[in-house]
1. Within segment 58-102, which residues have the backbone N less than 16 Å from the label spot 7 Å out from residue 140 along Cα→beta-carbon, could you tell me?
2. So, by mean Cβ neighbours within 10 angstrom, what's the order for 357-367, 385-395, 197-207 with the highest one leading?
3. Over segment 1-125, what number does the Rg to Rh ratio reach, with both radii from the alpha-carbon atoms and Rh per Kirkwood?
4. May I ask for the net charge around residue 303, where only other residues with Cβ less than 11 Å from the Cβ of residue 303 are counted and Lys, Arg are +1 while Asp, Glu are -1?
5. Just add up the charged neighbours of residue 361: K/R +1, D/E -1, any other residue whose Cβ is under 10 Å from the Cβ of residue 361.
6. How would segment 302-397 be classified by its alpha-carbon gyration tensor: rounded, prolate or oblate, with rounded meaning a/c under 1.5 and the a/b versus b/c comparison settling the rest?
7. Please get the size of the charge dipole for segment 126-224, origin at its Cα centre, with Cβ charges of +1 on Lys and Arg and -1 on Asp and Glu, quoted in debye to the nearest 20.
8. Taking the radius of gyration and the Kirkwood hydrodynamic radius from Cα positions alone, what is the Rg/Rh ratio for the chain, to two decimal places?
Amino acid sequence: MQTNFLIIGSGISGLNFALHAAKKGKVLLVTKKKIIDSNTNFAQGGIAAVLSRTDNAKELINDTLKAGSFHNKKSAVKFMVHNSTAAVHRLIDLGVEFEKENGKLKLTREGGHGKRRIAYVGDYTGKEIERILVKRVKEHPNITILENTFALKLITKGKTCYGCQVITKKVENIFADQTILATGEIGQLFLHTTNAKISTGDGIAMAIEAGCKVKDLEFIQFHPTAFKKNIFPKFLISEAVRGEGAKLLNSKGERFIDELLPRDKVARAIYKEGPVFLDISHKSAKELKKRFPRIYETLEKHGYKMEKDLIPVTPAVHYLCGGIVTDLKGRTNIKNLFAFGEVACTGVHGANRLASNSLLEALVFSNQIAKELRKQKTPKLKINKTKLSTKKISKKEIQKLMWHYAGITRDPKLVKEEAIPKLTRILNEIKGSNKDLQEAKNMAIVGLEILKAILKRKKSLGCHFLKKL
Ligand code: SIN
């Protein structure tokens, strides 16, 4: 197969980039499950931006830097925030109907934000954005979608990318002028995560194997309030619930933290305090059903009424602040290879992402290169054939290991002496190639890089917290 733009991943950044690229050439968008199976679909809270007269760029920049423990790349933060209003308006122009009041956008608040500045659609903002973008992508004559197509490895020669080898029913080579990694998250490396089942770190693993620079992988963000039930993945109870006044109570019924501090601090406090409950009983059932329909329905299914019950919550892996190093236009250090969204590290999140900055980052950065996109002449390379194995493998051992050694608190001695040797052994034992084996390999490759990054950072910072021994 041959195309101008090969996009791997069907979340907000992949779909948005596809719409831009389709104006310049043929786009092939591949996704390992169905097109709607992305983490964007899981995003509840909303999209942060400068959207009201009482707000300004300086304040959002400062909140982003403060949440990120000032480890952020300041120029990238400024760039994102200054492009935030236009990014939200692009979504509105594409057809996303954010909540409104008296003709103006209704804004909500989440942890770390000094004010209400998050545009939202109920508690299913990501799902609505995904629905509209998928619709636009499907309508476009220049975009072809290949579902159930697993990206196996990037086709590179020297420091240039020429496409990707994929598994459909067999192994196929897709040659492309430009290849875009928009593969999202890594949450499934851990036992407890809010991320979709697809989040096995495939994009980062392929990039590492191809020689891309990665950064800040030690900054794994835990969402403070996943629903404490044996559900896989964990069900998220949006930070917007706290933004609308929910309190966190310990087992004595006492508050123990400011609920709207940045996520790293709230997650750690809950972890230390546990068991912890969310209390939003000051709101009526009618208000809650309207504002948080999916959360209300899910909790009710499990026997909890938000208007009267205390909801048990626990931190769970939610977001990787680091990733493949990119510039403001999504370019990696490999020619013709781009990365957008969670797989990328633009530097905006620093050591801890500010709530609702993820959809914003994905959108702003995937908007930028659009004007410069060009078709090119890509040579077809001769690639060795990969034979598919029929073996299956359980990923539980990796998930348990990462949860244990790379969780909310880390002990560098154990990471060095136990976690790295164990994970190296697991990786070395994975032989052969198929989708299942490759996912496990990807998890182990990324897991090892995370563990090495943990060892390199000698002091606690943001989401990276060393055990006090
Ligand atoms: C949430 O709704 O709490 C998640 C939003 C985000 O990850 O920023």
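1. From segment 58-102, the list is 90-96.
2. On the way: 357-367: 27.8, 385-395: 12.4, 197-207: 26.1.
So the peptides 357-367, 385-395, 197-207, ranked by packing, come out 357-367, 197-207, 385-395.
3. Values: Rg = 16.5 Å, Rh = 16.3 Å.
Ratio of gyration radius to Kirkwood radius: 1.01.
4. Values: positive: 229, 301, 305; negative: 300, 309.
Net charge in that neighbourhood comes out at +1.
5. On the way: positive: 353; negative: 342.
That works out to 0.
6. Details: a/c = 2.90, a/b = 1.44, b/c = 2.02.
Oblate.
7. Details: 13 positive and 11 negative charges, 44 e Å.
Taking the Cα centre of segment 126-224 as origin, the dipole is about 220 debye.
8. When Rh is taken as the Kirkwood radius, the ratio is 0.95.
No lab work stands behind these numbers, since they all come straight from the coordinates. Bear in mind that the values here come from a model prediction, so they are computed numbers and not experimental data. Backbone-built Cβ (ideal geometry, glycine too); neighbour counts: all protein chains shown.
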